[in-house]
Every structure is written in C-alpha cells, then in structure tokens.
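Presented below is the structure to which this report refers.
Throughout, read-outs are computed from the coordinates displayed, never taken from laboratory work. In this text the structure is predicted, and so the values were computed from the model without any measurement.
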Amino acid sequence: MAGFEVIHPPGHTPGQIGLWREFDRLAIVSDAVFVFNPFSITARAGAPRLPPAAVRPDDAAARESVRKVAALEPSVLWIGHYGPVTGDVAAQLAAVADGDR
C-alpha cells in the first residue's frame, strides 16, 4: 500500500492503526497524538501531547505507542487533527511519552 507498513499505536483506542513509510520517514498516527485539547474553549493547536484523559482509556498503552513512534524517528508526523508535526519529531514525542505533556 504505497510503501506503508501498518503499525499499532493503541491507547486512544485499543484497535487503532497507524501507517509508517520508512523511505521518507513519514508516520501517520491518527489520534495517537494530539496537538490540542478538544475540551478547551479555544482548541488551538500547540505542542504534541497525549490524547486527553477522557478519551485515553489506557494511559500506559498511549505512552508506549508514542515511544514506539518516536523510536522510528519520523521526519514528519501526520495526526488526526491539526497536522503535521515537523522539526525534531522524535524529541517532541519523547517529551510526550515521558509525561511532560
């Protein structure tokens, strides 16, 4: 499928899938990572973060999923809302997985 490999980033939802394409280091992870709080009045985009607790039934799985994606060292990360995440994507995701966001 266009060079993509299916990856499994649960945490937001147990059966969630993502896509990884190694040759250009593109990761598409749907709602495994958010850049906004959908429960905020403004819902403005900001730094990458875990999905809010209300829509993250398994915190440990969500953090492990973010670590797994960070280990791929993507050059760009497309998410379900307000993508893409660019720059040092792996470092931004490490901050998320380690609880900084």
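Treat region 47-101 as a sphere of radius equal to its Kirkwood radius over Cα pairs and apply Stokes-Einstein at 37 °C in a medium of 0.692 mPa s; give the translational diffusion coefficient in µm²/s, rounded to a whole number.
Working: Rh = 11.3 Å.
Once the numbers are plugged in, D ends up at 291 µm²/s.
The angle separating the long axis of helix 59-71 from the principal Cα axis of greatest extent in the chain is about 40 degrees. Phi angles of region 7-21 translate, via the Karplus equation with coefficients 6.51, -1.76, 1.60 and θ = phi - 60°, into HN-Hα couplings of 10, 10, x, x, x, 6, 9, x, x, 4, 10, x, 10, 10, 10 Hz per residue; Gly and Pro are given as x. Report for the chain the percent antiparallel among DSSP-assigned beta bridges with both residues inside it, nearest 5. Around 75 percent of the beta bridges assigned by DSSP in the chain are antiparallel ones.
Counting each DSSP H run of 4 or more residues in the chain as -39500 (n - 2.57), what helix-only mean residue ellipticity at 222 nm follows after dividing by all residues, to the nearest 500 deg cm²/dmol?
Values: 2 runs with 22 residues, N = 101.
One gets -6500 deg cm²/dmol as the mean residue ellipticity at 222 nm.
Each of [x] 17, 54, 26, 3; [y] 11, 30, 28, 16, 9, 5, 0; [z] 15, 47, 26, 9, 3, 0 is a candidate for P(r) over Cα pairs in 10 Å bins from 0, in percent; the one calculated from this structure is [x].
Over the chain, what is the relative contact order in whole percent, taking alpha-carbon pairs under 8 Å and six or more residues apart?
Numbers: 201 pairs, mean separation 28.3, N = 101.
Once divided by the residue count of the chain, the mean separation gives 28 percent.
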